[in-house]
Amino acid sequence: MTLSATHHALNFADLTPREAYKVMIGTIVPRPIAWVTTVSPDGVVNAAPYSFFNCLSADPPILALGVENKPDRSFKDTAYNIRMTECFTVNIVDRANVEAMSVTAAGFDREVDELEMAGLTSAPGEKVACPRIAEAPVAFECERYLGIEVSSAREIILGRIVMAHVRNDIIDPATCYSDHERLDAIGRMGGNGYAGTLDYFDWPTPSAEDVLNGVRKRAASGGV
């Protein structure tokens with residue numbers, strides 16, 4: 001059986017943007033969710049979830065957001081506010097906040113405070129002029145580091161983390177280790193799907209020497 005008989009070969013040059021999106025969100029899973037809070041130049045707080053998100057560097061501490069523009073190619077509130085204020089906060093979504101997070105994903109007008117609509121509490125930032133969500137288990141205050149306009153439809157925003165707020169029962173400040181069970185974060189799947197992080201297992205990375213010894217043992221026993 002050849003590889004071509006077991007896999008569909010999808011040439012992205014032949015896919016529409018919507019088809020490419022569906023392939024990616026259905027297979028690059030689970031994706032962490034950045035529950036982003038920003039504030040407009042007029043002082044209106046905005047909150048919205050984004051699953052095109054991850055950490056990219058620890059030195060300097062950089063995270064990235066992929067923000068899609070509106071159909072008319074104008075900026076969504078998140079991207080506009082970040083451009084105007086040069087800061088934002090990424091809140092991590094746990095299972096307890098799924099419903100509230102979904103409310104903030106609704107298409108409200110720019111002058112609407114999504115935190116108020118979702119019954120959430122705004123806590124002031126310490127390093128940035130942008131609030132965090134008090135109910136979120138973790139929040140990262142960020143300064144805009146770089147914006148990359150990859151097309152008229154999407155921008156990648158890099159943020160430098162300047163402050164973290166981690167709930168007391170989650171992190172050990174002496175070791176900086178976090179308890180994933182207490183965090184109970186959720187990730188995005190395809191469609192309307194979500195996945196929890198409690199389906200967890202350890203699998204240590206072997207040393208090169210251990211791998212080579214295993215190969216030698218299989219060869220000596222006539223294995224492959």
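The values are calculated or read from the model by the stated rules, or taken from the named source; none is laboratory data. Remember, predicted model here, so these are calculated numbers, not experimental data. We place every Cβ from the backbone using ideal geometry, glycine too, and count neighbours over all the protein chains shown. For the accessible areas, the whole protein counts, side chains as well, though only heavy atoms, and no ligand, DNA or RNA atoms are used. Shrake-Rupley method; radii C 1.70, N 1.55, O 1.52, S 1.80 Å.
Accessible area ranking (1.4 Å probe, heavy atoms, ligands and nucleic acids excluded), largest first, for 117, 101, 163: 117, 163, 101. Shown is the FRET efficiency for residue 23 and residue 99, computed with R0 = 30 Å from the Cβ-Cβ distance and rounded to the nearest 0.05: 0.55.
Relative contact order of the chain, taken over Cα pairs closer than 8 Å and 6 or more residues apart, is 21 percent. Extension gain, residue 56 to residue 180, is 42.6 nm, computed as 0.36 nm per intervening residue step minus the present C-alpha separation. With a cut-off of 12 Å on the backbone N, no residue of the stretch 164-207 is near the modelled label site 7 Å out from residue 14 along Cα-Cβ. The residues of the chain present an accessible area of 62 Å² per residue when probed at 1.4 Å with all protein chains retained.
Cross-link reach is defined here as a Cα-Cα straight distance under 20 Å, omitting same-chain residues fewer than 8 places apart; for residue 127 the aspartates and glutamates meeting it are 42, 59, 86, 135, 141, 143. Protection proxy ranking, highest mean first, for peptides 23-29, 11-17, 132-138: 132-138, 23-29, 11-17, where packing is the per-residue count of other beta-carbon atoms within 10 Å, averaged.
Please enumerate, by chain and number, the aspartates and glutamates with C-alpha under 15 Å from the C-alpha of residue 70, excluding those fewer than 8 residues away in the same chain. Straight-line reach from residue 70, under 15 Å: 109, 149, 155.
With R₀ fixed at 30 Å, the C-beta to C-beta distance from residue 42 to residue 156 puts the FRET efficiency at about 0.70. Using a cutoff of 8 angstrom between alpha carbon atoms and counting only pairs six or more residues apart, the relative contact order for the stretch 19-82 works out to 27 percent. Remark on the stretch 1-102: hydrodynamic radius 16.2 angstrom, per the Kirkwood mean of 1/r across alpha carbon pairs. Here the peptides 196-209, 42-55 are ranked by packing, the mean other Cβ count within 10 Å, and the order with the highest first is 42-55, 196-209. Of the accessible area of the stretch 91-201, computed with a 1.4 Å probe over protein heavy atoms only, carbon and sulfur atoms account for 51 percent. Each residue of the chain gets 181 Å³ once the volume of the Cα convex hull is shared out per residue. Rg/Rh for the stretch 58-102 (Cα atoms only, Rh after Kirkwood) is 1.04.
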